[in-house]
Every structure is written in structure tokens, then in C-alpha cells.
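Reading through the C-alpha cells given below for one structure.
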Amino acid sequence: MFDRYAIFYTAPPGAFADFCASWLGWDSRSGAHVPHPNIGDLDVAALTDTPRKYGFHGTLKAPFRPAENAGEADLRDAVAAFAETATPVDHVPMGLQLHRGFIALRPVGDTSELNALANRIVTELDTFRAAAPPAELARRRAARLTPRQDHNMMTWGYPYVLEDFHFHLTLTGRLDDASGAHVMDVLRPHMVDVLPEVIAIDHVALMGQASDGMFHEIHRYALTG
């Protein structure tokens, strides 16, 4: 078993996934470190140090420790069963933004269908999640959570779910506004040829975090509901 599990959106194989894996320096599908690209004056390794371990992803259910007696095989079966009932979100335009102090690709326009999918994943698969330990709760609360976010954390294990969910594909650690604007200006031309105009959330990926902290893609499940 892995130390923690998560359910992510991961990009399908292709130029987009390959570029973003290289940008972060970690390919969660192959479970391997990959060389960073040389892009202008950017220190890509430093920019991506924080998000690297997760690989290129969009969180749908945040990393969680497995509940007692919740085996990986049971979790795989549950995600597979869920995927058979879940409708894909086929048309999600994405744009590069400085989001909460870090650069990410975020949806442009209506996100109601995507949010509904994430809400189902958070709530319907929560029986596999162990309660967060006190140290994790204290660390989260240091971010000055709102009362609703604190309630989310105690109920679902993560503050930024349901009404506080904002889908994003993280590309950097935290930056100030000026640094973030510069990085986006330099990075944007290199993504023109690989960034699709829209993405489809038609699969979800069950992820596992190994003892070294790196996340690995265990299996991708097609949404066929």
C-alpha cells in the first residue's frame, strides 16, 4: 500500500502531458524524474520544487490516508464503480493564470458540471479516508480558514471542497505578483503549441504517494456514466 491516496485529473498521453511533466520534473504516469526544459531565464527546478511531487494534475479528491481496513484493491474497485456512473465533462476551456499566489491552468467560463463531478468524488468516496491527524489540522488552520473551510476540513478532510472548490492544474510554487507575471510572460509562448484549447475530464486517476513523497498514477478510469 501507498502512504496516501488521491483522485486527480491527469492529462492523457501526448505533447501536453509530456511538456507539463518535464516542466515539473516528475512524470507520475511512468513514476520517473524527467529533465526540466530550458526556458529563457527561468529557474524551472526552483519554480516547481513545491508541486513536483504531485506530478501534473488537477485535484478532485485531495490526498488522504486510507481508513483502517480499507485496502487498495477495495479503493480501486470503488473508483471503478464510481467511474461507471459519472458523466464526462467534455468541454473545459483552460487559461494560464496567477491563482492564489501560484501559476496554474484554470477553467475559463462555467464550471458547474466540473464542480458537480468533484463534489461527487469528494463525498461518495469518503469512506476510504482516515481522519486527519491533529498536526495536519493545525497546519491547515494556520492558513486562517473560514468557518466553512474549517467545517469542510473536519467533514471531508480538506478545506477547499464543495463551495470552496476551484479546479486548477498547478505549475509553480508561490510567487509574488511581479515574479508570477514574468514567469507567465516567458512560459506562455512555450505552451502555445501544446496547450489544448479545451480539455476533457473524461477520466479520473487513482494516485498513490510512495514513502519518498512522490505520487504515482495507479490507474486511470474512464467516466462512462
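The values are calculated or read from the model by the stated rules, or taken from the named source; none is laboratory data. All figures in this text were calculated on a predicted structure; none of them were measured in a lab. Every residue, glycine among them, receives a Cβ derived from its backbone with ideal geometry; neighbour counts consider all protein chains shown. For accessibility, only protein heavy atoms count, side chains too; no ligands or nucleic acids. Shrake-Rupley method; radii C 1.70, N 1.55, O 1.52, S 1.80 Å.
The set of residues in segment 1-33 that are out of contact with any Cys (no Cβ under 8 Å at 6 or more places or on another chain) and small (Gly, Ala, Ser) comprises 6, 14, 15, 17, 21, 22, 25, 28, 30, 31, 32.
When the residues of segment 15-50 are filtered to those that are in a loop (DSSP other than H, G, I, E, B) and of a type in the set (Asp, Glu), the one that is surrounded by the most Cβ atoms within 10 Å (Cβ to Cβ) is 49. Against the list (1) among the β-branched types (Val, Ile, Thr); (2) free of Cβ contacts under 8 Å to residues at least 24 places away in the same chain; (3) within 12 Å of residue 8 (Cβ to Cβ), the condition residue 218 fails is (2). Please indicate, with yes or no, whether at least one residue in segment 14-27 is among the hydroxyl-bearing types (Ser, Thr, Tyr) and out of contact with any strand residue (DSSP E or B) (no Cβ under 7 Å at 6 or more places or on another chain). Yes, that holds for at least one residue. Annotation: of all residues in segment 61-104 being among the charged types (D, E, K, R) and within 19 Å of residue 118 (Cβ to Cβ), the one that is farthest from the chain's Cα centre (by Cα) is 84. When restricted to residues that are open to solvent by 30 Å² or more (accessible area, probe 1.4 Å) and either of a type outside the set (Val, Ile, Thr) or not in a strand (DSSP E or B) (or both), segment 51-62 contains 3.
Is it fair to say residue 4 is under 23 Å from residue 119 (Cβ atoms), open to solvent by 30 Å² or more (accessible area, probe 1.4 Å) and touching a strand residue (DSSP E or B) at 6+ places or on another chain (Cβ under 6 Å)? In short, yes. Of all the residues in segment 100-124, those that are aliphatic (A, V, I, L, M) and within 15 Å of residue 202 (Cα to Cα) number 5.
The criterion of at least 3 residues that are open to solvent by 20 Å² or more (accessible area, probe 1.4 Å), at pLDDT 95 or above and touching a Leu at 6+ places or on another chain (Cβ under 8 Å) is met by none of the helices (runs of 4 or more DSSP H) wholly inside segment 63-171. Selection within segment 172-225: residues that are closer than 21 Å to residue 111 by Cβ and assigned to a loop (DSSP other than H, G, I, E, B). The member of this set that is farthest from the chain's Cα centre (by Cα) is 225.
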